[in-house]
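What follows is calculated from the coordinates using simple rules that are stated; it is not laboratory data. Remember, it's a predicted structure, so these values are computed and weren't measured experimentally.
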Amino acid sequence: MRRIRTAGTAPEIALRSRLHALNLRYRISYPVPGKPRRTIDIAFTRYRLAVFVDGCFWHGCPVHGTLPKTNAPFWANKISTNRGRDRDTDLALAAAGWDVLRIWEHTEPEEASRMILSALGRGLIKLAARPAGLRA
């Protein structure tokens, strides 16, 4: 289990490369406010947009997620716990004023970047609506 990457996975790197090519700047492995040991995969701090690139196996993708036949109850519990932690993280970020975007690892980087640009556009509208003293 030590060899399994939690950050810097191939889908994350492909997406980050695409975002960088679009001249977007972001933070990686940004701490989740109020949740120690949890990090945002790609954070657009100015717009308060948190992007998570979820692995199909570890987060129970409805399309590609599978359970191993060996020790199936353990893995079902593990993936269920991961999904619960994801929901808790989403709620904590929403309470802190962040928008959350979860992208499956099988999503093409071009499609994922379009989703992010759309969410950033909504964030620009919210940022413009904030009083001047509250802009980050």
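Checking understanding here: applying a Kyte-Doolittle mean of at least 1.0 and a length along the axis of at least 18 Å (C-alpha), which whole DSSP H helices in the chain pass?
Sorted by number, there is nothing, because no helix extends far enough and scores high enough.
Can you compute the helix-only [θ] at 222 nm over the chain? Use -39500 (n - 2.57) per DSSP H run of at least 4 residues, normalise by all residues, nearest 500 deg cm²/dmol.
Computed ellipticity for the chain at 222 nm equals -14500 deg cm²/dmol.
Based on DSSP, what percent of beta bridges with both residues in region 19-127 are antiparallel, to the nearest 5?
That works out to approximately 55 percent antiparallel.
Can you tell which of Gly123, Gly97, Gly60 shows the greatest fluctuation in a Gaussian network model of the chain with Cα springs below 10 Å?
Gly97
Remind me, what semi-axes does the chain give for its equivalent ellipsoid, largest first in whole Å, using sqrt of 5 times each Cα gyration tensor eigenvalue?
Gyration-tensor ellipsoid for the chain: 29, 18, 13 Å.
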